[in-house]
Amino acid sequence: MKMKVLLITLLIFTMKTYADDKEIQLVRDKADAVICILENQNYSQLLKFLDKSIGVYVSDSINIPFNEYNHFTYEQIKNIITDETIYSLKINDDPSEPWKTSILHYFESRFTINHSLLSKSSFNKYISEIDWYMGNETILNEVKNSLFIEYYYVPSGKYGDIDWISIFVIFKKIDNNYILVGISRNYMGA
């Protein structure tokens with residue numbers, strides 16, 4: 001009887017681990033695709049990962065308050081290439097001073113990364129040096145049931161070893177599907 005209970009417990013644990021591993025791989029695959037989209041500047045391809053009613057929250061820093069994130073609708077991302085509207089976008093350098101630019105230019109200047117500098121990535125675990133400021137109001141705490149992949153890029157060498165950058169790709173599980181809800185970064189001197 002004890003052996004039967006042990007085998008059933010082991011089987012349930014193994015099935016759960018396998019399901020979790022499959023789910024983690026699914027999120028990683030989606031996040032990898034988002035990173036390729038950012039690198040290739042093919043931003044309209046983000047649409048296949050977005051929910052039409054949610055859009056995407058984007059920020060220069062993972063550790064700023066959620067209300068300082070830029071929110072882009074599905075339609076804005078759909079029209080990112082042709083939309084020449086100048087928006088007042090929040091940037092981490094000085095959130096009180098909006099940056100007046102197009103959404104396309106914002107993405108091009110803040111999220112274009114040389115993929116060859118990718119050093120490592122992690123699932124739901126921080127690699128980079130997150131500021132002490134990480135509080136309840138950040139996107140990772142604000143968006144319930146969110147998961148993230150952090151992509152850490154080694155310093156380019158231009159400024160010694162201090163110009164590292166991390167890109168965070170943030171998903172939320174909705175109706176058994178992982179939807180892209182946020183893109184953020186953390187950086188030092190980049």
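The values are calculated or read from the model by the stated rules, or taken from the named source; none is laboratory data. Remember, it's a predicted structure, so these values are computed and weren't measured experimentally. Ideal geometry is used to build each Cβ from the backbone, glycine not excepted, and the neighbour counts take in all protein chains shown.
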Just give me the residues in region 67-97 being loosely packed, with under 15 Cβ neighbours inside 10 Å, under 17 Å from the mean Cα position of the chain (by Cα) and over 20 Å from residue 53 (Cα atoms), in sequence order. none
If I ask for residues that are aliphatic (A, V, I, L, M), within 12 Å of the chain's Cα centre (by Cα) and either modelled with pLDDT of 90 or more or closer than 14 Å to residue 180 by Cβ (or both), which ones from region 47-66 would you list? 56, 58
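Return the residues of region 24-72 that are among the aromatic types (Phe, Trp, Tyr), out of contact with any Phe, Trp or Tyr (no Cβ under 7 Å at 6 or more places or on another chain) and over 14 Å from residue 172 (Cβ atoms); say none if nothing qualifies. Outline the logic, then answer.
So in region 24-72, the residues among the aromatic types (Phe, Trp, Tyr) come out as 43, 49, 57, 66, 69, 72.
In the following step, the residues that additionally are out of contact with any Phe, Trp or Tyr (no Cβ under 7 Å at 6 or more places or on another chain) were identified as 49, 66, 72.
Of everything in region 24-72, just one residue is among the aromatic types (Phe, Trp, Tyr), out of contact with any Phe, Trp or Tyr (no Cβ under 7 Å at 6 or more places or on another chain) and over 14 Å from residue 172 (Cβ atoms), namely 72.
Are any of the residues in region 92-104 of a type in the set (Asp, Glu) and outside any loop (DSSP other than H, G, I, E, B)? Don't jump to the end; show me each part of the working.
From region 92-104, those of a type in the set (Asp, Glu) are 93-94, 97; that's our starting set.
Next, from what is left, pick out any that are outside any loop (DSSP other than H, G, I, E, B): none.
No, because not a single residue in region 92-104 is of a type in the set (Asp, Glu) and outside any loop (DSSP other than H, G, I, E, B).
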Consider residue 128 against the criteria (1) within 17 Å of residue 187 (Cβ to Cβ); (2) of a type in the set (S, T, N, Q); (3) modelled with pLDDT of 75 or more: it satisfies all of them except one. Which criterion is unmet? (3)
Taking the stated definitions as given, is residue 107 touching a helix residue (DSSP H, G or I) at 6+ places or on another chain (Cβ under 8 Å), modelled with pLDDT of 75 or more and either within 15 Å of residue 70 (Cβ to Cβ) or surrounded by fewer than 18 Cβ atoms within 10 Å (Cβ to Cβ) (or both)? yes
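Please verify whether region 38-57 includes one or more residues that are under 25 Å from residue 186 (Cβ atoms), free of Cβ contacts under 8 Å to residues at least 24 places away in the same chain and either among the acidic types (Asp, Glu) or part of a helix (DSSP H, G or I) (or both).
Within region 38-57, the first condition is being under 25 Å from residue 186 (Cβ atoms), and the residues that meet it are 38-43, 45-46, 49-51, 54-57.
With the extra rule that they be free of Cβ contacts under 8 Å to residues at least 24 places away in the same chain, the set shrinks to 40, 42, 45, 55.
Next cut, either among the acidic types (Asp, Glu) or part of a helix (DSSP H, G or I) (or both) only: 40, 45.
Yes: one or more hits.
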